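The structure under discussion appears below in the form of structure tokens.
The values are calculated or read from the model by the stated rules, or taken from the named source; none is laboratory data. Being a predicted model, the structure only gives us computed values, none of them experimental. All Cβ positions, glycine included, derive from the backbone under ideal geometry; neighbour counts span all protein chains shown. Surface accessibility is based on the protein's heavy atoms, side chains included, excluding ligands, DNA and RNA. Shrake-Rupley method; radii C 1.70, N 1.55, O 1.52, S 1.80 Å.
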Amino acid sequence: MLARQMMLPRLALRAIHTTTRVAGGQEFYWGPAKAAGRELVGYGANGDNIYQDRLDYWYPAIRFRKEDSVITPIRAKEQADWKNLSAEEKKLLYRYSFRQTLSEFEAPTGYWKVIGAVILSVLGLCTYYAVLLNVYVYPELPPTFQNEYKEAQVERALVLEKGQFLGAPTKYDYENQKWK
């Protein structure tokens, strides 16, 4: 008997709460729930009680603004016929539920300029660093990269191998310095 009496207040408290968590972490809602002082109006994109403007899912879980003295009488009027609402009241209802319209959300912000400036700055710094390394850090190229050295190497190979080349060198006339 005493256990039942102690259990009743817990059940009453549980009934007053608007959310409860069941196995698997899923939450169920009863009645008008509030999240950060804003009315919970749906599941949202992923079930979290957050407001998100998203292009792929235009139904946030909570309203954008908190309920205040300006919107409360309009919300009461909203429950009746919508023809009784003025255009300004309809816009105010929309602005309390959503942060932006679709056209405002899709409007260009100019943020691409910041991204472009960062990318060009990084490329400029990398180029400056590469030039700095080539001038002050890396040694000079060895003489084997010079054209005179390569030509002398080919002539030396001709003398040593007596002109017995395979492939493209057989088609070049080394005495007249032109292709056959």
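Observations on the model:
- Flag for Glu106 being open to solvent by 80 Å² or more (accessible area, probe 1.4 Å), acidic (Asp, Glu) and within 30 Å of Asp53 (Cα to Cα): yes
- Test: residue in the range 78-87 that is assigned to a helix (DSSP H, G or I), touching a residue at least 40 places away in the same chain (Cβ under 8 Å) and either of a type in the set (A, V, I, L, M, F, W, C) or more than 30 Å from Gln52 (Cβ to Cβ) (or both): no
- Considering the range 43-54, the residues that are without any contact (Cβ under 8 Å) to a residue 40 or more places away in the chain and out of contact with any Pro (no Cβ under 7 Å at 6 or more places or on another chain) include one that is farthest from Ile71 (Cα to Cα), namely Asn46.
- Tally, over the range 64-96, of residues that are of a type in the set (Ser, Thr, Tyr) and open to solvent by 60 Å² or more (accessible area, probe 1.4 Å): 3
- Within the range 134-153, residues that are of a type outside the set (A, V, I, L, M) sit with their Cβ atoms under 6 Å from residues that are open to solvent by 100 Å² or more (accessible area, probe 1.4 Å) and modelled with pLDDT of 90 or more, at 6+ positions apart or across chains, in these pairs: Pro143/Tyr149.
- Helices (runs of 4 or more DSSP H) (entirely within the range 98-180) containing at least 3 residues that are hydroxyl-bearing (Ser, Thr, Tyr): 111-132
- Count of the range 53-63 residues which are assigned to a loop (DSSP other than H, G, I, E, B) and either over 20 Å from Ser103 (Cβ atoms) or open to solvent by 70 Å² or more (accessible area, probe 1.4 Å) (or both): 7
- Of all residues in the range 96-136, those being within 26 Å of the chain's Cα centre (by Cα) and modelled with pLDDT under 95 number 16.
- In summary, Lys171 fulfils each of the numbered conditions (1) more than 30 Å from Pro60 (Cβ to Cβ); (2) in contact with a Lys or Arg (Cβ under 6 Å, 6 or more places away or on another chain); (3) surrounded by 10 or more Cβ atoms within 10 Å (Cβ to Cβ); (4) not aromatic (Phe, Trp, Tyr) with the single exception of condition (3).
- Yes/no for Lys90 being at pLDDT 90 or above, among the basic types (Lys, Arg) and more than 31 Å from the chain's Cα centre (by Cα): yes
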